[in-house]
Amino acid sequence: MDKHVKCAKCGEELEIKKVVIKYFDHEFRKDVPCCPKCGQPYISYDFAKGKVREAEMELEDK
Ligand SMILES: [Zn+2]
């Protein structure tokens, strides 16, 4: 996981924040890099895919 991603708009270094990811009827709180200036979360395709898989596994555990 690259930690020094910068916002394409502001050029600010992204900070890891807890965000709520909505996946169908479920919400998951995950650490996602966000721009401290505009608040835009940076979720790459692979990252999102991995998080969804994690979320699915969490569901199956219950
Ligand atoms: Zn930004």
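For a quick check: with amide H placed at 1.01 Å from N, whose amide H comes under 5 Å from residue 17's, ignoring anything fewer than 5 positions away on the same chain?
Amide H neighbours of residue 17: 32, 34.
Just order 54-61, 35-42 by mean Cβ neighbour count inside 10 Å, highest at the front, would you?
Answer by packing, highest mean first, reads 35-42, 54-61.
Go through segment 13-18 residue by residue and turn each phi into a ³J(HN,Hα) via Karplus (6.51, -1.76, 1.60, θ = phi - 60°); whole Hz please, and just put x for glycine and proline.
6, 6, 10, 6, 9, 7
Bear in mind that the values in this text are calculations on the coordinates, not laboratory data. The shown structure was predicted, so the numbers you read here are calculated from the model rather than taken from an experiment. So basically every Cβ, Gly included, is an ideal-geometry build from the backbone, and we count neighbours across all protein chains shown.
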